[in-house]
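Structure first, commentary second.
Readers should treat all values here as calculations from the given coordinates under stated rules, not as data from a laboratory. Remember, it's a predicted structure, so these values are computed and weren't measured experimentally. Cβ placement follows ideal geometry from the backbone for every residue including glycine, while neighbour counts extend to all protein chains displayed.
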Amino acid sequence: MSVPPTPPRRALVTGAASPIGAAIARRLAALGHRLVLHTHANREGCAALAAELGASWFAADLTDAAATEAALAPFLAEAPFQIVVHNAGVHDDAPLAGMSAARWRRVIGVSLDGFHAVLAPVLLPMIGTRWGRILAISSISAWLPRRGQTAYAAAKAGLDAAVRALSLELGRRGITVNAIAPGLIESPATERFGPEEVARLVPLGRKGKPEEVAALAAFLVSEEAGYITGETIAVAGGLPGSPH
């Protein structure tokens, strides 16, 4: 996908040390955007990526709104963010009957509480610039879950709904809000899917690459995607697309 030129913006990417987060960060950096990267547990990986890209980074538990706001405060004191990619998420499959309340809260919390924790401090400064792109990384599990994904599917379906609702609030402010729903993308989380199962499940017969998700992300945060908002777009090799 050819991405049109976009003036350099200040961009925040959560969960930046993951395969998809890192691919998005590299793509945005290549387009000239000034990056701030977030991680929770993988500080070493995030620090290495930030050094590679000449970016800043910070660590925060996105389920802790106060800690997240405090971590963002020094960056917001410098300048507003005009691009926010909420990629952070937890994939912790388990049958609901055997899932503890703590595991449930963690899966739901990183996606949904994290969406609020990251955006609440940055929205008013972004609105003040009259331009913005908010992008959430969802999952096709929101409408095509596997067994054991009750919490994960609920988290991602809630994220899709939040994206649609927030797009209504921000449309007249020059800010778009969208989601990408990856399917089976090459990462440690999909290693259990062997070639035969992938060939059976995916019409294109292969896993996707993080860079293919990043290509769509780069377009959705560009100038030319300014008439796309409230959408969830699948990057899933032909698996059933979003039902809305």
**Asked** In a shell of Cβ-Cβ distance under 15 Å around A162, excluding A162 itself, what net charge do Lys and Arg (+1) and Asp and Glu (-1) give?
**Response** -2
**Fill in**
Final fewest-first order of H38, H91 on the 10 Å Cβ neighbour count is H91, H38
**Message:** I need the peptides 174-186, 41-53 ranked by packing, meaning the mean over residues of other C-beta atoms within 10 angstrom, with the highest value on top.
**Reply:** 174-186, 41-53
**Asked** Taking the highest mean first, how do the peptides 81-90, 123-132 order by number of other beta carbon atoms within 10 angstrom per residue?
**Response** 81-90, 123-132
**Item:** Listed peptides 162-170, 211-219 by packing density, highest first (mean Cβ within 10 Å)
**Value:** 211-219, 162-170
**Prompt:** For the chain, what's the relative contact order in percent, using C-alpha pairs closer than 8 Å and at least 6 residues apart?
**Reply:** 21 percent
**Fill in**
Here region 64-71 yields Karplus 3J(HN,Hα) values (6.51, -1.76, 1.60; θ = phi - 60°; whole Hz; Gly and Pro given as x) of 10, 4, 5, 5, 5, 4, 5, 5
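For R10, R200, R26, what's the fewest-to-most ordering of other Cβ within 10 Å of each Cβ?
Working: R10 21, R200 10, R26 18.
By the 10 Å Cβ count, ascending, the order reads R200, R26, R10.
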**Message:** Suppose only helical runs count, i.e. DSSP H with n ≥ 4. What mean residue ellipticity at 222 nm does that imply for the chain under -39500 (n - 2.57) per run, divided by all residues and rounded to the nearest 500 deg cm²/dmol?
**Reply:** -13000 deg cm²/dmol
